[in-house]
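Engineer: Once you've had a glance at the structure underneath, I'll fire off some questions.
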Amino acid sequence: MAKIVNFHLPADDVERAAKFYRDVFGWKFVPYPGSPVPYLVADGDGDEGIGISAAITARQPDIVKAPVPTIAVEDIDQAMLDIAMKGGQQARVQDIPGYGRFGYAIDSEGNIIALLQRTQ
């Protein structure tokens with residue numbers, strides 16, 4: 001069963017957004033090591049966690065315009081094929097060294113979703 005494992009919060013200013021969520025909700029975001037783009041993460045677990053992991057990333061006008069759920073899948077290539085066959089749209093999948101394979105897609109209703117196949 002695929003599960004939502006995190007969500008992305010798009011921001012025009014990643015640091016400003018992190019400060020906002022820290023000041024308002026107490027969420028603590030830290031840079032993701034080695035990310036080629038501004039990408040801050042907050043842990044979802046434990047007493048200090050926010051409930052589900054979250055990331056603040058630079059707004060991408062073509063892709064990330066609103067909060068986006070990330071769904072963990074066992075086989076991202078098969079999931080992308082299933083999306084296309086069931087009325088959605090698949091997109092490019094990229095490797096994230098040390099973490100897994102990641103890609104965005106569009107569901108049957110035009111919503112952006114992200115898929116993650118973690119490295120075993």
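Values in this text are rule-based calculations from the coordinates and carry no lab data. Because the structure is a prediction, the values reported are computed rather than measured. Glycine gets a Cβ as well: all are built from the backbone with ideal geometry, and neighbour counts include every protein chain shown.
Engineer: Give I52, I4 a once-over and let me know the one that is within 13 Å of the chain's Cα centre (by Cα), exposed (fewer than 15 other Cβ atoms within 10 Å of the Cβ) and not charged (D, E, K, R).
Structural biologist: On the way: I52 fails: exposed (fewer than 15 other Cβ atoms within 10 Å of the Cβ).
On inspection, the qualifying residue turns out to be I4.
Engineer: In the stretch 48-86, how many residues are closer than 18 Å to V30 by Cα, out of contact with any strand residue (DSSP E or B) (no Cβ under 8 Å at 6 or more places or on another chain) and touching a residue at least 12 places away in the same chain (Cβ under 8 Å)?
Structural biologist: Qualifying residue count for the region: 1.
Engineer: Could you tell me whether the stretch 22-31 includes any residue that is exposed (fewer than 15 other Cβ atoms within 10 Å of the Cβ), among the acidic types (D, E) and in contact (Cβ under 8 Å) with a residue 40 or more places away in the chain?
Structural biologist: No: the stretch 22-31 contains no residue that is exposed (fewer than 15 other Cβ atoms within 10 Å of the Cβ), among the acidic types (D, E) and in contact (Cβ under 8 Å) with a residue 40 or more places away in the chain.
Engineer: Hey, does the stretch 67-78 have a residue that's within 13 Å of the chain's Cα centre (by Cα), of a type in the set (A, V, I, L, M, F, W, C), more than 19 Å from M1 (Cβ to Cβ) and surrounded by fewer than 17 Cβ atoms within 10 Å (Cβ to Cβ)?
Structural biologist: no
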